[in-house]
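Encoded as structure tokens, the structure appears first; notes follow it.
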Amino acid sequence: MSAADTLAAPARDSGSKPGGRAIRRRPPGGSEQGWAYLMIAPMTIGLAVFYLWPIAQMFYYSFTKSGPFGGQTWIGTANYHALVDEPSVVQAVVNTLVYTAIQLAGIPLAVLFATLLNQRGLRGRSIYRALYFLPVVTMPVAVAMLWRWMYNGDYGVINYLLSMVGVRGMHWAADPSVALYAVAAIGIWMSLGYNLVIFLAGLQGIPAEYYEAAAIDGSGAARTFLRITVPLLSPSIFFATILTMINSLQMFDLAYMMMSTPSGASGNPALPRVRTIAYLFYQKAFVEHDLGFGAAIAFVLLGFILVMTFIQFRLQKRWVHYG
Amino acid sequence: MADGTMPGRRPMRHAGRVATHVVLIVGAVVMVGPFVWQLLTSLKTFSETTRVPPTFLPRRWQWSNYSHVFEVLPLGDMFRNTVLMTAGRTLAQLVFCSLAAYAFARLRFRGNNLLFGLFLSVLMVPSQLFLIPQYVIVQNLGWVNTLPGLIVPGMFSAFGTFLLRQFFLALPRDMEEAARLDGANPLQVFWHVALPLARPGLLALTILTALWSWNDLMYPLVVTTDPAKMPLSAGLATLQGEHFTDYSILMAGSALATAPMIVAFILLQRHFIQGIAFTGSKG
């Protein structure tokens, strides 16, 4: 439902419906408008100062270069040209997209577990749900430290468990060929419980009659799942997809904590293959103090979020069923 | 139902149940195992953590790892900072978001579509874009390394406003209209009638904001440099910098930093689950 639709609706039926409903349909203006401005004032001022004005400022910064003694010099689109030429930016975009794609692949996994948990008369449902949700309430910084320890190449428990089944371990967080996948696995582990709860709520909203009808028709489990569960769950899946995508495109904490070494993150050979767009932004803006370049990176990130969200909303019409 | 009519399916159903539990238990071990390993590691000596093959239970339970964390980090201060930051942001968001959300949902005023569109545009923008100007404002106000610096920008949320607006829109109007006819002004109707009905929405916002605040890293990392002024997340990042290889200490620190949220979750489990499920249905 778009903002315009909902807000315009009351005004439309004000003339057409006489009687009791017309009483509150006064034209805008007067005291109601005064109260409305009063009520939105704190949030509007706060958002304007700390969120909207910063966007405008950053847009300006992205066309400037910081002078050696502070102050910004206008350099036109040079930062954006430099972005395209800088291999670390291209690599960060690739890393971020790969990470996001893997997180999206975690959604079917959450649907699967939610379907298992939603079976009628399943014992221990709330205990399972609580256990799966635990990583969601855990600080990402702590999660990263914990997994880093488990991924440790010399003393890590994962390599030990692998050695028991005869698989040779590796330095998961420091090997450029696997580090990004190792970080992405943590991401899925962290968000599975969140998506699970969303899907479980969605599944519980599906009327039992649909399943009964399917059972009478002799529909098998897989067919029932594809023909009934997935379509009726599609609004929840869509919501989880958008949220996962926006969060994954901005991923910072996990990569930051997994990559840091005592001599800074540059000590980790896997850094170029794990560094996300948000990480590169942090590094350019706050470590290398290149404000203009950092700002340009942030706008590239915004561009990706807008384009991918737009695509999702366009595709939505093809597969999301609103009941 | 089907059990009675199709007795032949029973053994298969039983086998299905067992298979379901096997999958769910394996999943649960993967989800909880790391936390068990975290606690076990936090109670080992440094030399025991570097043994190959690793021991499961600690040989000597090294409880002093926990007091050691308190020696290297001002953990008490950090805990207090985190609680105050979380509480401050959450309370402010509840007030400001619900006020604005109610106005957008129920009151008609000039420019509502334009303003709401501006609010929505903030939703899409990555938090990195706000970070530098926010830091500059905080710096100009002399709020670096202070609680107001940690709290104030997080008091405002386009997401929270959007979430609660959706909730107010779904509420029945009858009681509000009755109150209006009795001469109550919009603020009174909001406070006495709409807000009590909106409790599930407020709860959802409370949980999401508290979680986000407690776990937030990049912003605190930028506006605090003094460990005694940092929240736990930034403090933990510092701990990793200082005790890079001593995982018994790192695990003790991370267990301490996450324990309060986990305890809150266990105590308020139903509310957490409902709050998250709510955002899925109203988003």
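The values are calculated or read from the model by the stated rules, or taken from the named source; none is laboratory data. All of these numbers come straight from a predicted model, not from anything done at the bench. Cβ: placed from backbone, ideal geometry, glycine included. Neighbour counts: every protein chain shown.
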Checklist outcome for this item: Checked segment A:185-210 for anything modelled with pLDDT under 90 and within 10 Å of chain B (Cβ to nearest Cβ); matches are A:Gln204, A:Gly205, A:Ala208
Checklist entry - Just checking, which of A:Met39, A:Met43 is over 26 Å from the mean Cα position of the chain (by Cα), within 9 Å of another protein chain (Cβ to nearest Cβ) and at pLDDT 95 or above? => result A:Met39
Checklist outcome for this item: Reported set for segment B:208-231 where residues are over 17 Å from B:Thr258 (Cα atoms), more than 10 Å from chain A (Cβ to nearest Cβ) and surrounded by fewer than 21 Cβ atoms within 10 Å (Cβ to Cβ) is B:Thr225, B:Asp226, B:Pro227, B:Ala228
Checklist entry - Of the conditions (1) over 24 Å from B:Ser127 (Cβ atoms); (2) not in a helix (DSSP H, G or I); (3) not small (Gly, Ala, Ser), A:Ile228 fails just one. Which one is it? => result (2)
Checklist entry - Within segment A:267-303, how many residues are hydroxyl-bearing (Ser, Thr, Tyr) and within 8 Å of chain B (Cβ to nearest Cβ)? => result 1
Checklist entry - Mind checking which residues of segment A:49-71 are of a type outside the set (Phe, Trp, Tyr), surrounded by fewer than 15 Cβ atoms within 10 Å (Cβ to Cβ) and over 20 Å from A:Leu301 (Cα atoms)? => result A:Gly67, A:Pro68, A:Gly70, A:Gly71
Next on the checklist: Take residues that are of a type in the set (Phe, Trp, Tyr) and within 12 Å of the chain's Cα centre (by Cα) and tell me which of the helices (runs of 4 or more DSSP H) falling wholly in segment B:192-273 contain 2 or more.
Outcome noted: B:199-215
Checklist entry - When segment B:42-85 is examined, which residues are found to be of a type in the set (Ser, Thr, Tyr) and farther than 16 Å from B:Ala259 by Cα? => result B:Thr45, B:Ser47, B:Thr49, B:Thr50, B:Thr55, B:Ser64
Checklist entry - For segment A:224-249, how many residues are β-branched (Val, Ile, Thr) and within 25 Å of A:Tyr211 (Cα to Cα)? => result 5
Item to check | One residue from A:Tyr160, A:Tyr132, A:Tyr151, A:Tyr181 being in the same structural domain as A:Ser248 (by TED's automatic domain parsing) and without any contact (Cβ under 8 Å) to a residue 12 or more places away in the chain | outcome: A:Tyr160
Next on the checklist: Going by what's in this entry, would B:Ala170 be described as within 25 Å of B:Leu114 (Cβ to Cβ), over 20 Å from the mean Cα position of the chain (by Cα) and more than 10 Å from chain A (Cβ to nearest Cβ)?
Outcome noted: yes
Item to check | Neighbours by Cβ (under 8 Å, 6+ apart or cross-chain): first from segment B:150-166, more than 9 Å from every other protein chain (Cβ to nearest Cβ); second among the aromatic types (Phe, Trp, Tyr) and outside any helix (DSSP H, G or I) | outcome: none
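Table: residues versus (1) under 24 Å from A:Pro235 (Cα atoms); (2) modelled with pLDDT under 95; (3) surrounded by 15 or more Cβ atoms within 10 Å (Cβ to Cβ); (4) in contact with a Gly (Cβ under 9 Å, 6 or more places away or on another chain).
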position	(1), (2), (3), (4)
A:Asn79	no, yes, yes, yes
A:Leu83	no, yes, yes, no
A:Thr96	no, no, yes, no
A:Gly124	no, yes, no, no
Checklist entry - Of the residues A:Leu104, A:Leu109, A:Leu146, which single one is facing chain B (nearest Cβ under 10 Å) and surrounded by fewer than 20 Cβ atoms within 10 Å (Cβ to Cβ)? => result A:Leu109
Checklist entry - Out of curiosity, is B:Tyr247 more than 8 Å from every other protein chain (Cβ to nearest Cβ) and either in contact with a Leu (Cβ under 7 Å, 6 or more places away or on another chain) or surrounded by 23 or more Cβ atoms within 10 Å (Cβ to Cβ) (or both)? => result no
Next on the checklist: The conditions are (1) among the small types (Gly, Ala, Ser); (2) assigned to a helix (DSSP H, G or I); (3) modelled with pLDDT under 90, and A:Ala255 fails exactly one of them. Which is it?
Outcome noted: (3)
Checklist outcome for this item: Taking segment B:105-139 and keeping only residues that are closer than 21 Å to A:Gln33 by Cβ, more than 7 Å from chain A (Cβ to nearest Cβ) and crowded, with 18+ Cβ neighbours inside 10 Å, one is left with B:Ala105, B:Arg106
Checklist entry - Among the residues of segment A:218-236, how many are surrounded by fewer than 21 Cβ atoms within 10 Å (Cβ to Cβ) and either within 10 Å of another protein chain (Cβ to nearest Cβ) or among the hydroxyl-bearing types (Ser, Thr, Tyr) (or both)? => result 5
Checklist entry - If we scan segment B:186-196, do we find a residue that is within 30 Å of A:Val143 (Cβ to Cβ) and touching a Lys or Arg at 6+ places or on another chain (Cβ under 9 Å)? => result no
Checklist entry - Does B:Met261 meet the test of being of a type outside the set (Asp, Glu), within 8 Å of another protein chain (Cβ to nearest Cβ) and closer than 28 Å to A:Met257 by Cα? => result yes
Checklist outcome for this item: Filtering segment B:107-149 down to residues that are under 21 Å from the mean Cα position of the chain (by Cα) and under 16 Å from A:Trp53 (Cα atoms) yields B:Val122, B:Leu123, B:Met124, B:Val125, B:Pro126, B:Ser127, B:Gln128, B:Phe130, B:Leu131
Item to check | Criterion violated by B:Arg51 - all others in (1) of a type in the set (Lys, Arg); (2) within 28 Å of the chain's Cα centre (by Cα); (3) surrounded by fewer than 20 Cβ atoms within 10 Å (Cβ to Cβ) satisfied | outcome: (2)
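This table checks each residue for (1) farther than 15 Å from A:Thr96 by Cβ; (2) outside any loop (DSSP other than H, G, I, E, B); (3) more than 16 Å from the chain's Cα centre (by Cα).
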{"site": "A:Gly292", "(1), (2), (3)": "yes, yes, yes"}
{"site": "A:Ala295", "(1), (2), (3)": "yes, yes, yes"}
{"site": "A:Val300", "(1), (2), (3)": "no, yes, yes"}
{"site": "A:Leu306", "(1), (2), (3)": "no, yes, no"}
{"site": "A:Ile311", "(1), (2), (3)": "yes, yes, no"}
{"site": "A:Tyr322", "(1), (2), (3)": "yes, no, yes"}
